[in-house]
1. Please specify each residue of the range 194-213 satisfying the condition of being more than 12 Å from I28 (Cα to Cα) and assigned to a helix (DSSP H, G or I).
2. Scan the range 25-43 and give yes if some residue there is closer than 30 Å to A247 by Cβ and surrounded by fewer than 12 Cβ atoms within 10 Å (Cβ to Cβ), otherwise no.
3. Would you tally the residues in the range 291-315 being touching a Pro at 6+ places or on another chain (Cβ under 9 Å) and of a type outside the set (D, E, K, R)?
4. Before we move on, is Q91 exposed (fewer than 12 other Cβ atoms within 10 Å of the Cβ), among the polar types (S, T, N, Q) and at pLDDT 95 or above?
5. Taking the range 104-129 on its own, how many of its residues are part of a strand (DSSP E or B), in contact with a Gly (Cβ under 6 Å, 6 or more places away or on another chain) and within 14 Å of the ligand (Cβ to nearest atom)?
6. Out of the residues in the range 360-388 meeting the condition of being modelled with pLDDT of 95 or more and aromatic (F, W, Y), tell me which one is surrounded by the most Cβ atoms within 10 Å (Cβ to Cβ).
Amino acid sequence: MLKPLQVETWVQSRRSDLDDVREPVEAIIRQVREGKDAALRDLTARFDGIEIDDFRVTEEEIEAAYDEVDTEITERLIEAEARITQFHELQKRTGMWLQETEPGITLGVKTTALHRIGAYVPGGRAAYPSTALMTAIPARVAGVKEICCCTPPPIHPLTLVALDIAGVTEIYRLGGAQAIAAMALGTESVKPVQKIVGPGNIFVTAAKMMLRDHAEIDFPAGPSEIGIIADATAIPEYIAADIMAQAEHDPKAACVLVTTDPKIAEAASAEVARMFQESPRKEIIEKALANSGYIIADTLSEAIRLINEIAPEHLSIQVADTFSVLSKIENAGSIFAGPFTAVACGDYASGTNHVLPTAGYARMYSGLNVDHFCKTSTIQMIDREGLEAIGDIVETLADAEGLHAHAESVRIRRR
Ligand code: NAD
């Protein structure tokens, strides 16, 4: 069921999908920029098949959603929320620090939360209440005042409940590239935001990349991926189970097993074939598995090098010496270390964030965290003694650059 793969082909195919939708996404953005709410109505009818009058979800609708959701599921969402909040609280560093670096010179950093952000919660092929928690909680923990969320209609009651539990302040029934355009550019109904975060399909991801001049974005978080590094001690059923879990997300999801043992590749592939027969999501999984496969590495060092080149969104480490491999991993969105660390735990409830860079972007981006919702201002306080200590440097360098007024602004204070 799994075929041999080349790293180069895998990496290239993850990126090219975004280029394929550039033109239609540009057209959607243009339409929203010109037609605002009217364009949103038209695009929602076209892509979601729904006629909408009012995009904003009301308080009454949120209350009604609680009645529709099984109490046990709501309780589990609240438990997940507490774990995700706890882990993100550990990352928080809003506030200010100041330190005297030499007599008369005090330097520091003031960290401030963004005021208004937009969270995209996907909802095309599946409901993602978990993503509602993952996008909104770090923003709330950072101290963001206005958390605006867009998710495609019809919104599943579970997603509404999760958004409410997470602390979102506005919810709009808007999906796809048009939702991203509305949050970045603003319309009559949707006030523009300073930053847009959250995963989505290729249309959503392409729109985020194209609208970066208007709102900062987190990173490209497209169709899900898993990389698994395994040696001869790995358990093929666990590998196959994680592959199936990733493949059921999206026909464009992809899984790559890098192993030093051909027998593990063979056994995991047989397990995937068996699990596939029992899956209720065969149509999606079959397509995702066509993007997936295995690579046999001669040594564990070679396997680690390949994983660092792939930079997978999720990395599962299933080897005898977990820590030795973990310490050498440089590029991965989120790391799942050891055979019992099912990737699904991080998707829902361990507390780490599941909004992660895909398509090799883990080489330069970090997964969603509290820092994404903060900005920093540096601070300096210099007294007379401090000015004497650095005055000559400033005056000499400013004069050398021909910036007389710069030099004078220091000289005038030293007279
Ligand atoms: P989605 O909400 O991202 O997209 C649905 C929207 O796409 C629709 O509302 C529609 O407006 C638009 N659309 C659909 N077909 C279109 C077309 N032909 N032209 C223009 N627009 C079109 O939901 P989805 O499609 O289910 O995708 C969710 C994605 O999010 C999956 O790929 C999943 O793997 C990914 N995901 C990623 C992460 C992560 O952290 N990387 C987490 C959760 C989900």
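1. Correct list: I202, T205, K208, M209.
2. Checking the range 25-43: not a single residue is closer than 30 Å to A247 by Cβ and surrounded by fewer than 12 Cβ atoms within 10 Å (Cβ to Cβ).
3. Matching residues across the range 291-315 total 6.
4. Taking the combined requirement at face value, the residue does not satisfy it.
5. Of the residues in the range 104-129, 2 are part of a strand (DSSP E or B), in contact with a Gly (Cβ under 6 Å, 6 or more places away or on another chain) and within 14 Å of the ligand (Cβ to nearest atom).
6. F373
Okay, residues lined up against (1) under 13 Å from A65 (Cβ atoms); (2) within 11 Å of the ligand (Cβ to nearest atom); (3) out of contact with any Ser or Thr (no Cβ under 9 Å at 6 or more places or on another chain):
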| residue | (1), (2), (3) |
| --- | --- |
| I137 | no, no, no |
| K145 | no, no, no |
| H156 | yes, no, yes |
| T159 | yes, yes, no |
| L174 | no, yes, no |
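Yes or no, residue by residue, for (1) closer than 30 Å to I382 by Cβ; (2) in contact (Cβ under 8 Å) with a residue 40 or more places away in the chain; (3) of a type outside the set (A, V, I, L, M, F, W, C):
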{"residue": "G95", "(1), (2), (3)": "yes, no, yes"}
{"residue": "L98", "(1), (2), (3)": "yes, yes, no"}
{"residue": "P122", "(1), (2), (3)": "no, yes, yes"}
{"residue": "P138", "(1), (2), (3)": "no, yes, yes"}
{"residue": "T187", "(1), (2), (3)": "no, yes, yes"}
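The values are calculated or read from the model by the stated rules, or taken from the named source; none is laboratory data. All values reported here derive from a predicted model rather than from experimental measurement. With ideal geometry, Cβ positions are generated from the backbone for all residues, glycine too; neighbour counts draw on all protein chains shown.
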